[in-house]
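**Student:** Below is the structure I would like to discuss, written out as structure tokens.
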Amino acid sequence: MDFQSSLFADEAAAAPALAPERRVLSRGAWVDVQRNWLPDPDAAFTALVERVPWRAERREMYDAVVDVPRLVHTYLAGDPLPHAALDRARADLSAHYLPELGEPFVTAGCCYYRDGRDSVAWHGDTIGRGRAEDTMVAIVSVGDPRRLLLRPRGGGPSIALTMGHGDLVVMGGTCQRSWEHAVPKVAHSGPRISVQFRPLNVF
């Protein structure tokens, strides 16, 4: 694990108030961004690496079965999360977005990008309610910075958001069905973990 943690991590730090900046996209989609939001991201990163029961997945592609280029695990509703800061993050996100979302975030999908070769292709979270309903996916990133790309579904210019250590990005409105997102491969990167908080039955 080559990730260089910050030199001044403060385990007692409290999460700053949620005050994300919103970027309105087309077709009813939007993204909120708040930098350096997760307190003590070093400890959260270490806990995620060591405590999550990571698994490798395989999938069919054309006429072959290939490895999914990242490790994954999903915490379902009611499952304890591997670090207290993540429980607090989910509760704070649920409280902040409840007037707009109308329900809490309940699941936490985790993706471990071990180096620059790990990635996720263009997609939207449209298995489940996101296919037909407005919803939200809140992503907390820890580890080395990686770019999150977004583009209109069907093609069009993409936008790039660099997700740094402790950053928060929330995709909302129609984003899952009218836009797509991806984390592309890069030549050089240390490990990075994303935690995606979702409402019930959004995948």
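**Student:** Just how large is the dipole of segment 38-123 about the Cα centre, in debye to the nearest 20, putting +1 at every Lys and Arg Cβ and -1 at every Asp and Glu Cβ?
**Tutor:** Dipole size: approximately 160 debye.
**Student:** Please say if segment 82-137 is rounded, prolate or oblate, where rounded means a/c under 1.5 for a ≥ b ≥ c the square roots of the C-alpha gyration tensor eigenvalues, and otherwise the choice is prolate for a/b larger than b/c and oblate otherwise?
**Tutor:** oblate
**Student:** Could I have the simple spin-label model distance between VAL24 and VAL72, label points 7 Å from Cα toward Cβ, reported in nm to one decimal?
**Tutor:** 3.4 nm
**Student:** If neighbour count is taken as other Cβ atoms inside 10 Å, put THR135, THR162 in order from fewest to most.
**Tutor:** Going from least to most buried by this count: THR162, THR135.
**Student:** I would also like to ask the following. Using +1 on the beta carbon of Lys and Arg, -1 on that of Asp and Glu, and nothing else charged, what's the dipole of the chain about the Cα centre, debye to 20?
**Tutor:** Using only the charged Cβ atoms, the result is roughly 680 debye.
**Student:** Sticking with this structure for a sec: Take VAL66, VAL120, VAL31, VAL72 and order them by how many other Cβ atoms sit within 10 Å, fewest up front.
**Tutor:** Neighbour counts put them in this order, fewest first: VAL66, VAL72, VAL120, VAL31.
**Student:** If neighbour count is taken as other Cβ atoms inside 10 Å, put HIS188, HIS181, HIS165, HIS73 in order from fewest to most.
**Tutor:** The fewest-first ordering by Cβ neighbours comes to HIS188, HIS73, HIS165, HIS181.
**Student:** Given VAL72, PRO82, GLN176, which one lies farthest toward the positive end of the charge dipole of segment 21-198, if we put +1 on the Cβ of every Lys and Arg and -1 on the Cβ of every Asp and Glu?
**Tutor:** After comparing all options, I get GLN176.
**Student:** In sequence order, what are the phi-derived ³J(HN,Hα) couplings for segment 190-198 according to the Karplus relation 6.51 cos²θ - 1.76 cosθ + 1.60 with θ = phi - 60°, rounded to whole Hz, with x for glycine and proline?
**Tutor:** For segment 190-198, the Karplus-derived couplings read x, x, 9, 10, 10, 10, 10, 8, 9 Hz, x marking Gly and Pro.
**Student:** Moving on to the next point. Long-range amide H contacts for THR174: which residues qualify at under 5 Å (H placed 1.01 Å from N, peptide plane, sequence gap of 5 or more or a different chain)?
**Tutor:** Result for THR174 returns ALA29, TRP30.
**Student:** Check which residues have an amide H placed less than 5 Å from TYR75's amide H, if you skip close sequence neighbours.
**Tutor:** Counting only residues 5 or more places away or on other chains, the set is ALA108, GLY109, CYS110.
**Student:** I want to check the label-to-label distance for LEU149 and ARG55. Put each point 7 Å from Cα in the C-beta direction and report it in nm to one decimal.
**Tutor:** 3.0 nm
**Student:** Once phi is turned into θ = phi - 60°, what whole-Hz ³J(HN,Hα) does the Karplus curve with 6.51, -1.76 and 1.60 give for every residue of segment 113-118, x standing for Gly and Pro?
**Tutor:** Result, ordered by residue: 8, 6, 7, x, 6, 7 Hz.
Values quoted throughout were computed directly from the atomic coordinates according to the rules given, and no laboratory measurement underlies them. In this text, all values refer to a predicted model and were calculated from it rather than measured experimentally. Note that each Cβ is placed from the backbone with ideal geometry, even for glycine, and that neighbours are counted across all protein chains shown.
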